[in-house]
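The values are calculated or read from the model by the stated rules, or taken from the named source; none is laboratory data. For clarity, every value in this text was computed on a predicted model and none was experimentally measured. Cβ sites come from the backbone with ideal geometry, for glycine too, and all protein chains shown count toward neighbours. Side chains are part of the model used for accessible areas, which takes the heavy atoms of the whole protein and leaves out ligands, DNA and RNA. Shrake-Rupley method; radii C 1.70, N 1.55, O 1.52, S 1.80 Å.
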Amino acid sequence: MKTDNSNSSARSELRRQAEELQKKRGLISDSPTSKAEWQRILHELSVHQIELEIQNEQLQHSYDQIRNEQRRYADLYDFAPVGYLTLTADGTITQVNLTAAKILSVDRSRLNGARFCRLIVSADRQAFNNMMNRVFLGRVYEHCEVMVVKGVSEKSGSQQRTFRLDGIISENLQGCHLTLTDITDTRVAVDELKKKEERFRSMFEYHSAIMLIINPDSGFIIEANRAATNFYGWSIEELRTMRIEEIITRTPEQIKFFLEQSWIEETNTLLFRHRRADKSIRDVEVYSSTIVISGEAMLYTVVHDITERLRHETATAFYISLLEVIDTMSIQQILQMTLDKAEQLTDSSIAFFHFVAEDQRMLTLQQWSTNTLNLFCKAKGESNHYCVDQAGVWADPLRERKAIIHNDFASLPARKGMPEGHATVIREVLIPIFHQEKVVAILGVGNKLGNYDEDDVTWLTIIADAAWEVIAKKIGEEERIRLYNQQRFTEQLAMHDALTGLPNRRLLSERISLTLAQSRRNNCRAALMIFDLDHFKPVNDTFGHAIGDIVLQQVASRTLETLRRSSDSIARLGGDEFVVLLPHIAPISNAEVVAEKIRKILELPFDIEGHAISISCSIGIAVYPDDGADEITLIRHADDAMYISKSLGGNRVTVFKTDDEE
C-alpha cells in the first residue's frame with residue numbers, strides 16, 4: 001500500500017508540473033475562442049494523457065526489472081561461493097555477504113562495523129595491514145595469505161584456517177572490496193606435495209643408485225643424482241648438457257630403438273656398456289620406466305654397475321668351461337683357449353703366454369692364441385727358451401713383478417729379444433701370474449685398436465687366475481699320473497719279468513699262496529705245471545741271444561693264448577723255464593689237456609727275422625692236495641715230473657706220481 005500511495009503522489013506532482021508548463025507554453029488560452037478550439041484542446045489532452053499512461057507503465061516495468069535485478073544481485077552476492085567484504089581504510093567491515101559470514105562462523109550482523117583484523121591471528125595482522133595500505137595508497141590490486149580464527153577472538157583450541165585475501169579499491173576510492181577464499185585444504189595439499197617432492201628429490205639426489213632422467217624425444221639428460229656424477233665423472237651441470245648417446249657405446253640406431261622401447265613399455269631392462277669421463281668403459285644394467293614431469297613424459301632410469309659381477313660371472317663360466325675340458329685337452333690346448341678368451345675380452349688381435357722357470361731366470365715361449373698363429377705369428381714357441389737378461393720389454397712383468405702397459409711399443413728403447421717370426425706389436429699389456437710369491441708365467445695381449453687401460457689389466461688378471469688354477473690342476477694331475485706310472489713301472493719291474501712281462505718268482509709265490517688258500521676254503525684241486533724248452537741252447541748259440549730273447553717272448557705270448565680262464569696265470573722262473581698255475585680244477589685230466597695244448601702250440605715253428613726256429617718243451621704237473629699241500633712241495637714235485645719228461649726225450653707231459661703210484 002505504501003508503494004501505491006507513493007506512485008499516486010508522484011503522478012499528481014507530475015500533473016501539476018505539466019499544467020504549469022502548458023500555461024508557460026501557451027497551449028491553453030484563458031478564453032477559448034470557439035467550441036472547436038476546446039474540442040481540439042481536449043483531444044490533445046486526451047492523447048497526451050494516454051501517452052503519459054503508456055510512459056508510466058513503461059517506467060513501472062523498468063522499475064520492477066531493476067528491483068528484480070537488485071534482488072538477484074543480492075542473492076548472487078550473498079550466496080556466492082567466495083566470501084565478499086567491503087572494508088574502510090582502517091579495516092572496518094561495511095558490507096559482508098552470507099558466504100563470508102558462514103566461512104568465518106560469525107553472524108553477519110556482528111561482522112558489520114567490526115574490525116576485520118580482529119579475526120586474523122596476531123602473527124599475520126601485519127601482512128594484512130600492509131596489503132590494505134598498498135590497496136589504498138597504490139590504487140592497485142593486492143593479495144595476501146593469512147591465518148583466520150573462526151569466531152571473533154583468538155583462543156587456544158579455536159579452529160584456524162588459512163585464507164587468501166584479494167583486495168581492490170572501490171570506485172569511490174573510499175573502500176576496499178575484499179574476496180575471502182579458504183585455501184587451508186589447498187595449502188595442506190601443496191605442503192604435502194612439497195614434502196613428497198622434497199622426499200623424492202632427497203631420495204633421488206642422495207640415493208646410492210645411479211639415477212638419470214632422460215627426455216626420450218631429444219635424448220638429453222634432464223637430471224642426474226650425485227651417484228651418477230661420482231660414477232660417470234661429470235658434474236651435474238655437465239650431464240644436463242649431454243645426450244645419452246654420449247654415454248652409451250652403441251650405435252645411434254640402437255640407442256634410438258632403446259628410447260622407443262622404453263617409451264612404449266612400462267618398464268624396460270637392458271644391458272649396456274657406458275662410457276665415463278675418464279674414457280673407461282663399464283658394463284651396466286639399465287632399468288627404465290616412464291614418468292610425467294610438468295606434463296611431459298620422461299624416462300626415469302636407474303643404472304647398476306655390473307662390471308664386477310659380470311667379470312665374476314665371466315670368470316666363473318670360463319673356469320667351468322676349462323674344467324669341462326681338463327681331461328680331454330692338453331696344457332697347450334688349454335693355454336690357447338685362455339689366450340683366445342683374453343683376446344676377446346680386451347678387443348685384441350694377438351695374445352701370447354710364457355712360462356717362467358723355477359729359478360726366475362728363464363722364459364719359455366710356450367703358446368699363442370689361435371688368431372695370432374693363423375694370421376700373424378710364425379715363430380716356433382714351444383720349448384724355445386729365453387734368458388730373462390736377453391728378453392725384451394715383454395719380460396718386464398717378471399722383472400718388475402707387476403702388470404705392464406705399452407701403448408706406444410715402437411717408441412720403447414728396450415724392444416730386444418723378440419723371437420724370429422713374431423707378430424708385429426703396436427701396443428700391448430702384459431701381466432705376471434703368481435704362485436707362492438713367484439712369477440710362474442706371463443700372459444700378454446696386443447694390438448687393440450685403442451689404448452690399453454687398467455680395465456684390460458683387470459680382465460687379464462681374472463682370466464689368467466682362472467686359467468692358472470686349471471693349468472696347475474692339470475700339471476699336478478699329469479705329475480701325479482707320471483709318478484703313479486713310475487711307481488707302477490717300478491712295481492712291475494719288482495714283480496714281473498723284464499723280458500717277457502710275465503710275473504716273476506716273487507709274484508708267482510703270492511699267487512700260489514692265494515690259490516692254495518682258496519682251494520683249502522673251497523675244498524677243490526689246483527694244478528701247478530713247470531715246463532722247460534727243449535733244444536733252446538742251440539738257438540742262442542746259432543742265432544744269438546737277441547733272437548733267443550724274442551723266442552722266449554713269443555713262447556710267453558703263445559702260452560697265454562692257450563689259457564682261457566682269467567684265473568689261470570703263467571710266470572717265468574728264469575732262463576727258459578716257465579710255470580703255469582691252474583686254480584679250481586676238478587679231474588686231473590683238465591690240467592693234462594691244458595698242458596697238451598701248450599706242448600702242441602710251442603711245437604709249431606717260430607718265424608723270427610726270416611728264421612724258422614723249431615723247439616719243443618717238457619712239462620711236469622703236480623696237483624694240490626694230492627702231490628703236496630704247500631708251494632715248495634708242489635714246485636719240487638712238478639719239477640721232478642718235468643725232468644722225467646726230459647729224461648724220456650722231451651716234448652711230452654708227465655704228471656707227478658709217488659713211488660706207490662708207480
Cβ pairs under 9 Å, 6+ apart, first in region 442-458 and under 17 Å from residue 315 (Cα atoms) and open to solvent by less than 30 Å² (accessible area, probe 1.4 Å), second acidic (Asp, Glu) and not in a loop (DSSP other than H, G, I, E, B)
none
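The rows are residues; the columns are (1) farther than 30 Å from residue 146 by Cα; (2) open to solvent by 70 Å² or more (accessible area, probe 1.4 Å); (3) charged (D, E, K, R); (4) under 60 Å from the mean Cα position of the chain (by Cα).
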position	(1), (2), (3), (4)
39	yes, yes, no, no
58	yes, yes, no, no
69	yes, yes, yes, no
122	no, yes, no, no
Pairs under 7 Å by beta carbon, first residue more than 15 Å from residue 512 (Cβ to Cβ) and free of Cβ contacts under 8 Å to residues at least 60 places away in the same chain in region 581-599, partner open to solvent by 60 Å² or more (accessible area, probe 1.4 Å) and among the polar types (S, T, N, Q), six or more apart or different chains?
none
Any residue in region 529-544 that is at positive phi and open to solvent by 10 Å² or more (accessible area, probe 1.4 Å)?
yes
Test each condition in (1) under 15 Å from residue 150 (Cβ atoms); (2) open to solvent by less than 70 Å² (accessible area, probe 1.4 Å) for residue 107 and report the one that comes out false.
(2)
Candidate set from region 301-326 (those that are open to solvent by less than 20 Å² (accessible area, probe 1.4 Å) and closer than 27 Å to residue 244 by Cα); member that is nearest to the chain's Cα centre (by Cα)
306
Quick check, is residue 272 over 18 Å from residue 291 (Cα atoms), open to solvent by less than 30 Å² (accessible area, probe 1.4 Å), under 23 Å from the mean Cα position of the chain (by Cα) and at pLDDT 90 or above?
no
As an exercise: evaluate residue 76 against (1) open to solvent by 90 Å² or more (accessible area, probe 1.4 Å); (2) of a type in the set (A, V, I, L, M); (3) not in a helix (DSSP H, G or I) and give the number of the one condition it does not meet.
(3)
In region 343-370, residues that are open to solvent by less than 10 Å² (accessible area, probe 1.4 Å) and among the aliphatic types (A, V, I, L, M) total 4
Helices (runs of 4 or more DSSP H) contained in region 504-605 and holding at least 1 residues touching a Ser or Thr at 6+ places or on another chain (Cβ under 9 Å)
505-522, 545-562, 588-603
Of the residues 267, 249, which is within 20 Å of the chain's Cα centre (by Cα), at pLDDT below 85, of a type in the set (S, T, N, Q) and surrounded by 12 or more Cβ atoms within 10 Å (Cβ to Cβ)?
249
Within region 274-305, how many residues turn out to be free of Cβ contacts under 8 Å to residues at least 40 places away in the same chain, among the acidic types (Asp, Glu) and out of contact with any helix residue (DSSP H, G or I) (no Cβ under 7 Å at 6 or more places or on another chain)?
1
Those residues of region 586-617 that are surrounded by fewer than 20 Cβ atoms within 10 Å (Cβ to Cβ) and among the β-branched types (Val, Ile, Thr) come to a total of 4
For region 173-206 the number of residues that are aliphatic (A, V, I, L, M) and either open to solvent by 30 Å² or more (accessible area, probe 1.4 Å) or under 47 Å from the mean Cα position of the chain (by Cα) (or both) is 6
Conditions: (1) closer than 27 Å to residue 519 by Cβ; (2) more than 60 Å from the chain's Cα centre (by Cα); (3) modelled with pLDDT under 95. Residue 566 meets all but one. Number of the miss?
(2)
Quick check: anything in region 334-342 free of Cβ contacts under 8 Å to residues at least 12 places away in the same chain, open to solvent by 20 Å² or more (accessible area, probe 1.4 Å) and either farther than 30 Å from residue 211 by Cα or touching a strand residue (DSSP E or B) at 6+ places or on another chain (Cβ under 8 Å) (or both)?
no
Residue pairs, Cβ under 8 Å, 6 or more apart or interchain, first in region 541-555 and over 15 Å from residue 499 (Cα atoms), second open to solvent by less than 10 Å² (accessible area, probe 1.4 Å). List them.
543/608; 543/613
Residues of region 299-333 that turn out to be over 30 Å from residue 220 (Cα atoms) and charged (D, E, K, R), as a count:
4
